[in-house]
C-alpha cells in the first residue's frame, strides 16, 4: 500500500441554483470528505491507497462505498455502523467566489471511530499515513483513534503526513483546535498548512518563520500552500517557492487543498525532486478547481502532465 488515510466521507448536497439555499428546490448529490478526496486523487494518479472510516448502514453510506471502490480505493477497513447515520453537508454557492458549507455530521458513524477500528498490520504496510485536522474535531474517540494510528505508524517507520485542514465550525473553541493541531503537527514528518492555518497556529509571521517553527517541531518537510499563487516548501537544508498554475475561471474551490496533497504525495512516491513534487501538487490543485464537486475534478496522470508541460499559459476547461 502506498498511502493509508483516515477520516469521514459524506454525502454532499448542492443546490442546482445559485443564491440563498433557502430558495433552492432541487439539489445534486455528490461525495466529499478531505481524506477520501485525497484517496481518490492518489488512485486516479495510479497509486495504491486505502481509506479507514465508518459509514452508516444507509443509502448514503452505500453510495460512498460504491463510489470509492469504483475509483480503485481499498475500502476493506471501512465498517458500517448500524446505529449511526452517514454524515451530510450542504454546499451553498451564493455567487461566484462565495461558497458556504453547512455540516450535519454530529453523531455520524465516522464520529464513532475508535482505536479498536484500526488494524496495525494494515497501517504498517503503507509508505505514508495521511491524516487531517478534521477527524480529531469530530469526537473524543476520533482523537484517540488518530493518535493511536500515529503511534502505529511511528512504530513501523511509516511517514506521517498531516494537513491541518482547519474547520473552526467543528471545534468548540479556537484554543482547543490550536492545541490539538499542534499536538499532531509535532508528531508528523510532513506538514501541509495553508497560509491561514499557519497564521492560526503561530500568529502573523513571515512564511519563513512559519516554516522554521514547524521544522523545529520535528517535521522533515513543510509545505505552506499559497492558494492560486503556488506553495513554498522547507526542509532543514533548503526552501523554495514553487509558482502555481493560473486558472481563468474557478468553478469550485472546495477540494483544491486535498488535490494538492494527492499531487505532492504522488510526486514523492514517484521519486521526483521536492520542487517537481510540489509542482505536481500545484497542478492537481488547480485542475480540481475547474470542475464542480469536491472530488470530481481530481485528474488522471495524463491531464496533470499536459498542464505541467504548459506551465505559464492560462488554463481553462
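The values are calculated or read from the model by the stated rules, or taken from the named source; none is laboratory data. Values in this document were obtained by computation on a predicted structure and should not be read as measured data. Glycine also receives a Cβ, built like all others from the backbone with ideal geometry; neighbour counts cover every protein chain displayed.
Residue 169 meets the conditions (1) in contact (Cβ under 8 Å) with a residue 24 or more places away in the chain; (2) surrounded by 15 or more Cβ atoms within 10 Å (Cβ to Cβ); (3) in a helix (DSSP H, G or I) in every case but one. The failed one is (2). Of all residues assigned to region 111-123, at least one qualifies as being at pLDDT 95 or above, within 20 Å of the chain's Cα centre (by Cα), in a loop (DSSP other than H, G, I, E, B) and over 30 Å from residue 19 (Cβ atoms).
Every listed requirement among (1) buried (at least 20 other Cβ atoms within 10 Å of the Cβ); (2) within 30 Å of residue 196 (Cα to Cα) is met by residue 73 save one, (2). Residue count for region 133-146 satisfying the condition of being in contact (Cβ under 8 Å) with a residue 24 or more places away in the chain, part of a helix (DSSP H, G or I) and surrounded by fewer than 20 Cβ atoms within 10 Å (Cβ to Cβ): 3.
When residue 64 is tested against (1) over 30 Å from residue 157 (Cβ atoms); (2) without any contact (Cβ under 8 Å) to a residue 60 or more places away in the chain; (3) surrounded by fewer than 20 Cβ atoms within 10 Å (Cβ to Cβ), only condition (3) is not met. Scan region 3-44 for residues that are over 16 Å from the mean Cα position of the chain (by Cα), buried (at least 16 other Cβ atoms within 10 Å of the Cβ) and not in a strand (DSSP E or B) and the total you get is 2.
From the list 47, 130, the lone residue that is in contact with a helix residue (DSSP H, G or I) (Cβ under 9 Å, 6 or more places away or on another chain), surrounded by 20 or more Cβ atoms within 10 Å (Cβ to Cβ) and part of a loop (DSSP other than H, G, I, E, B) is 47. Quick one: in region 154-166, of everything that is free of Cβ contacts under 8 Å to residues at least 60 places away in the same chain and closer than 22 Å to residue 104 by Cα, which residue is surrounded by the most Cβ atoms within 10 Å (Cβ to Cβ)? The selected residue is 164.
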